[in-house]
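Below you'll find the structure, written out as C-alpha cells, and then a few comments.
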Amino acid sequence: MSIVILGDNFTFPEGNAATNRVYTYARGFIENNINTTVINFRNDYMENGNGTIEDIQYFHPINRKKRNKYFVIRNWFKFVKYLNTVIIIRKINRENKVKAIIVYTKTLSTHLFSYFLAKLIGAKLIIENSEHPLRDYQSGNINKLIGRLKFWIKLKTFDGILLITKQLIKFYNTKLHNEKKILLVPSTVDPKRFTAEKSNTLPYKYIGYFGSLNFERDNVDLILSAFASICDRQKNIDLVLGGWLEVDKDVLTDLIKSLKIESRVHILGYISRLEITQYIIDSQILVLVRSNDKYTEVSFPSKLTEYLATGNPVIATAVSEIAEFISDHKNGFLIRPGSTEELAEKMEYIINNYERATEIAKNGKKLTDTVFNNVFQAKQIIKFIETL
C-alpha cells in the first residue's frame with residue numbers, strides 16, 4: 001500500500017507552512033509503514049526537482065531547471081508535465097498499490113487532473129484543506145461565482161477531505177451532508193525534528209518569530225511595537241524575524257527605524273528548512289501573533305505546533321481554535337488579538353520569570369506527543385482512507 005501527495009499549493013523539499021504540512025503527513029505515513037511519494041506539481045524551475053529526503057521520494061514532473069525564453073516551448077513543457085505525472089503514478093502503482101491520492105491545491109485543473117489519476121489507478125481522492133475554500137473569492141460578482149462553481153465541482157469529485165479545524169468541518173457539513181467523508185486533522189508536527197540541543201547560531205539571546213513576514217494576517221508590526229516598548233528595560237535579549245518576506249522590505253525596515261530598535265532587531269529573511277529548525281530551537285521565547293477575521297477563524301497556524309515542540313515558552317494570539325489547546329499560564333501564554341500591551345507584558349513576564357515559563361512550556365510540548373503528533377494523526381488518516 002502506498003499514498004501519493006500531489007499538489008501545487010506547496011513547494012518541495014523547501015517551502016512554507018504548506019510544505020511543512022506535507023512533510024509531517026509524509027513522515028507520519030512512513031512511520032506507519034506506508035510508502036509515500038510527494039509530487040510537486042508547480043511550474044517551478046529547480047536544479048534538483050527529483051530525489052529522496054528523509055525517506056520521502058519526491059518528483060517535480062515539469063522537470064525544468066531554467067525558464068525557456070520561448071512561450072510555445074514553455075507551454076509545451078507544462079503539457080508534458082501531465083504526461084510525466086501519469087507515467088510516475090502508474091509506475092508507483094505497479095510497484096506498490098496506491099490506496100489514495102491526497103491533493104493539495106487551490107487550482108481546479110490540478111484537482112480535476114488528480115481526480116482523473118485516481119480513477120485511472122482505482123485510488124481514493126482525498127482533499128487536504130487548511131483554509132476556507134472561498135477565501136480568495138470575496139470581491140466582484142464574477143469572482144464570487146467562479147469561486148462557488150469551483151467549490152461545487154470539487155464537492156462532486158472527491159472521496160474524502162482532511163480539514164484542520166472544527167469550524168471548517170462545520171462549514172463543509174452544511175454543504176456536503178455526509179460526515180463520513182470528513183476527517184479532522186489538527187495542525188501536525190514531527191517532534192523528533194526539534195530534539196536537537198540548543199546551539200550558538202547567534203551570539204545573543206533572542207525572541208523569535210519564524211513564518212510569513214507581513215502586517216495583515218501575521219501581525220509582525222505588532223511584535224515589533226511590543227518589543228520596542230520593553231527593549232530599554234530588557235537589554236539582554238533581541239528580536240529575530242525569519243521567513244517569507246510578504247511586506248516590502250523598505251516598509252519593514254522603516255518601521256523598525258521609526259521605533260528606534262534597529263540595533264536590536266535582526267531580519268534573517270528566508271532560510272532553509274533545516275536551518276530554520278535550529279533557529280527555532282535556539283530561541284528563548286517564540287511568538288505567534290495573528291489577526292482575527294472569519295478566515296483566520298477556520299485555519300490553524302502550523303508554526304504554533306512547531307514552536308510547542310521545542311519546549312520553549314510560546315506566546316500566541318487567542319484566535320481560531322488555539323484556545324482549545326493552549327491555556328494561559330498552564331501550557332503556554334495567550335493574548336487578545338491586536339493587543340500590543342498584552343504581548344509586551346507577556347514577553348516581559350517570561351523574561352523575568354524564565355524558570356517558571358519553561359515549566360509551563362514543558363506542558364505545551366506534551367501536546368506534540370499526542371494530539372498534534374504527525375505519526376498519531378497519520379494513523380487516523382490511514383484508518384479514514386480504509387473506511388471510504
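Residues that are touching a residue at least 60 places away in the same chain (Cβ under 8 Å), touching a strand residue (DSSP E or B) at 6+ places or on another chain (Cβ under 9 Å) and aliphatic (A, V, I, L, M) within the range 229-262 comprise just one, Ile237. Across the range 238-284, the number of residues qualifying as buried (at least 20 other Cβ atoms within 10 Å of the Cβ) and part of a loop (DSSP other than H, G, I, E, B) comes to 3.
Within the range 285-295, being surrounded by 21 or more Cβ atoms within 10 Å (Cβ to Cβ) and outside any loop (DSSP other than H, G, I, E, B) holds for Ile285, Leu286, Val287, Leu288, Arg290.
Number of residues in the range 93-117 that are more than 23 Å from the chain's Cα centre (by Cα) and more than 20 Å from Ala378 (Cα to Cα) equals 8.
Within the range 195-211, residues that are β-branched (Val, Ile, Thr) reach partners that are part of a loop (DSSP other than H, G, I, E, B) with beta carbons closer than 8 Å, at six or more positions or on different chains, in the pairs Ile207/Ile237; Ile207/Ser283; Ile207/Gln284. No other residue among Thr24, Thr52, Thr19 is over 16 Å from Leu125 (Cβ atoms) and in contact with an Asp or Glu (Cβ under 8 Å, 6 or more places away or on another chain) apart from Thr24.
Among the candidates Asn214, Asn200, Asn173, Asn219, the residue that is farther than 30 Å from Asp250 by Cβ, in the same structural domain as Lys260 (by TED's automatic domain parsing) and not small (Gly, Ala, Ser) is uniquely Asn200. Among the candidates Gln234, Gln284, Gln278, the residue that is out of contact with any Phe, Trp or Tyr (no Cβ under 6 Å at 6 or more places or on another chain), more than 17 Å from Ile315 (Cβ to Cβ) and of a type in the set (S, T, N, Q) is uniquely Gln278.
From the residues in the range 33-53 that are touching a residue at least 60 places away in the same chain (Cβ under 8 Å) and closer than 12 Å to Ser2 by Cβ, which one is surrounded by the most Cβ atoms within 10 Å (Cβ to Cβ)? Looking at the filtered set, the residue picked out is Ile34. Within the set Ile182, Ile207, the sole residue that is closer than 30 Å to Gln284 by Cβ, surrounded by 14 or more Cβ atoms within 10 Å (Cβ to Cβ) and not hydroxyl-bearing (Ser, Thr, Tyr) turns out to be Ile207. Counting only strands (runs of 3 or more DSSP E) wholly contained in the range 22-61, the ones carrying 2 or more residues that are within 22 Å of Ile164 (Cα to Cα) occupy 35-40.
The values are calculated or read from the model by the stated rules, or taken from the named source; none is laboratory data. A quick note: this is a predicted structure, and the numbers were derived from the prediction, not measured. Ideal geometry is used to build each Cβ from the backbone, glycine not excepted, and the neighbour counts take in all protein chains shown.
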